[in-house]
Amino acid sequence: MRKSQLNSSSTQISILTVDDDAIITTTIKAYFSRSGYDVDIENNPLTAIERVRNGKYDILLLDFLMSPICGDQVVEEIRKFNTDIFIILLTGHKSMAPPVKTIRHLDIQGYYEKDDRFDQLELLVESCVKSIKQLRTIRAYQEDISRAYMQTIEVLRYIVETRDSETRGHSERVAGLAEALALELGLPEKDVSNIKTAGLFHDIGKVGVPDAILLKEGALTDEEFSQIKKHPADGEKVLSTYSPFRSILPIVRGHHEKINGRGYPDGLEGDEICIGARIIAVADAFDAMISNRTYRKGLGMDRTMMEIERGKGSQFDPVIADALLTMINRVGKEEFYRTYSLQAEGQKGV
């Protein structure tokens, strides 16, 4: 055994060896454990599937002919939930190995014909280790890029909100209210999370709107308003370069669509607008109406509730508008406004 090579490459590599012959698995464990690998053994192929599902193994050394199922069946099940683990198939004789077509289809990294020595198996494992380390390096680099990108996006969001002191905290409040609405409607946890995230970044596209338009105190001209109307699509473009944001792109793009089809940027109507965008639309409008602006004071709870009611079926999804009004009536107007307004300070909301 080439201990120096194995020792230098085996750090933090975990192996599961599976064979219905306990002598084989015990021998393989002893061989590779001496070289610094973390090796577990399993003699039941059905149990092996669950161990891979619940564990964190890098390499699977798997016998082909086993009972009650063979190795290729084990791989087929594992590939349904794990495409990362490296798999080496062990055979008693080369003629017993599965066809090359099957090996490629199941993404098996190699097969080893059993003998009294493990030199060939050692080479296969070392090859897998090199690939695993390369993948780890790539993923670590991607994570660093992702963190840097998220920081950049947060900076852009901060810039958008700090350009106008009166809208500071708007995104946090919208995100908090949208999350509460999604929970009120009984949406799945993943959808609730996406909607909250979209609420935080729904106005990111305004980073490209000139201050002269964004901060204008009087009425906007048609040309100026056309610039404002670009921000949902621009926000989608900003966020689209970061793959984890893919699921929120339709929400960000569609948060100014109206249920009657007269919104922007695409003029969608009804169920053509995704549920997340319909929720953000209600939360966004509520915050805009309840908040003070340079050109007017906040409308107050009574007037805001009246406008939400009036917009049902035209601007707003009636079910979502009713959910908001139900929430307000349940906790009381003053208490709702008090807890909701705390979103601007990053505290727990409604």
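Here the Kirkwood formula puts the hydrodynamic radius of the chain at 24.4 Å, using every distinct Cα pair. Sparse packing (at most 15 other Cβ atoms within 10 Å of the Cβ) combined with a DSSP loop state is found for the following chymotrypsin sites (Phe, Trp or Tyr not before Pro) in the range 63-133: Phe81. Element breakdown for the chain at a 1.4 angstrom probe: carbon and sulfur atoms account for 51% of the accessible area. Computed with a 1.4 Å probe on the full set of protein chains, the accessible area for Met306 sits at about 120 Å². Measure out, as a whole number of angstrom, how far apart the alpha-carbon centroids of the range 200-264 and the range 6-78 sit. So the two Cα centres are separated by 52 Å.
Applying 1/(1 + (r/R0)^6) with r as the Cβ-Cβ distance of Thr27 and Arg51 and R0 = 30 angstrom yields a FRET efficiency of 0.95.
Quick one: of Lys56/Lys133; Lys216/Lys297; Lys229/Lys258; Lys101/Lys130; Lys206/Lys237, which pairs are farther than 18 Å apart, Cα to Cα? Lys101/Lys130, as the Cα separations exceed 18 Å there.
Taking the average, over residues, of other Cβ atoms within 10 Å as the packing measure, peptides 52-58, 36-42 rank 36-42, 52-58 from highest down. Ranked by the mean number of other Cβ atoms within 10 Å of their residues, highest first, the peptides 135-141, 101-107 come out as 101-107, 135-141. What separates the Cα centres of the range 290-315 and the range 107-144 is a distance of 62 Å. The heavy atoms of Ile273 offer some 0 square angstrom of accessible surface to a 1.4 angstrom probe.
From the largest down, the range 111-217 spans 84, 36, 15 angstrom on the principal axes of its Cα atoms. When Ser146, Ser14, Ser247 are compared by accessible area of protein heavy atoms, the largest-first order is Ser247, Ser146, Ser14, using a 1.4 Å probe.
The values are calculated or read from the model by the stated rules, or taken from the named source; none is laboratory data. Not measured: the values here are computed from a predicted model. With ideal geometry, Cβ positions are generated from the backbone for all residues, glycine too; neighbour counts draw on all protein chains shown. All accessible areas refer to the heavy atoms of the entire protein, side chains included, with ligands and DNA or RNA removed. Shrake-Rupley method; radii C 1.70, N 1.55, O 1.52, S 1.80 Å.
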